[in-house]
1. I need every pair where a residue in the stretch 77-96 that is basic (Lys, Arg) has its Cβ under 9 Å from the Cβ of a residue that is surrounded by fewer than 10 Cβ atoms within 10 Å (Cβ to Cβ) and assigned to a helix (DSSP H, G or I), sequence separation at least 6 or different chains.
2. Tell me the residue from Glu122, Glu109, Glu90, Glu83 that is more than 23 Å from the chain's Cα centre (by Cα) and exposed (fewer than 10 other Cβ atoms within 10 Å of the Cβ), please.
3. Quick check, is Glu68 among the charged types (D, E, K, R) and exposed (fewer than 10 other Cβ atoms within 10 Å of the Cβ)?
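A short reminder: the numbers here are calculations on the coordinates, not readings from a lab. What you see is a predicted model; the values in this text were computed from it and never measured. Ideal geometry is used to build each Cβ from the backbone, glycine not excepted, and the neighbour counts take in all protein chains shown.
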Amino acid sequence: MVNFSILISSSEVSGPGGLFDIDATLPLVAIQFVILMVILNALLYSPLLTIIEERKEYILSKLAKASEILSQANELTAQYEQELNSVRKEAQLEITNSQNIHKEILDIELNISQKYIDNLLETI
């Protein structure tokens, strides 16, 4: 590999200013830079910025739609939970009623059996 310090030290500066001499080339370089920026803006930056803006609008619309769907899902969840709670209460009420009915039937059968046993004991 070539040692760059040797190359720099061996190069001789000819004329005043050396490497950073400001003359007529500076305005020419500035004009070339401005022309390059105009061309790049027309060919590269403008289409790229429009694509980025379209993508941004697409993402925002999808986020809005997702937010709307999420709110609908939350509403449905709340509605289903409310319906589930009411059905559970109805089921619990049915169970309680059924238990009461069975208890009454058992009490009646127990009374009948007790009367039968009492009658048998009286006859004995």
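1. none
2. Every option except Glu122 fails the conditions.
3. It is false that Glu68 is among the charged types (D, E, K, R) and exposed (fewer than 10 other Cβ atoms within 10 Å of the Cβ).
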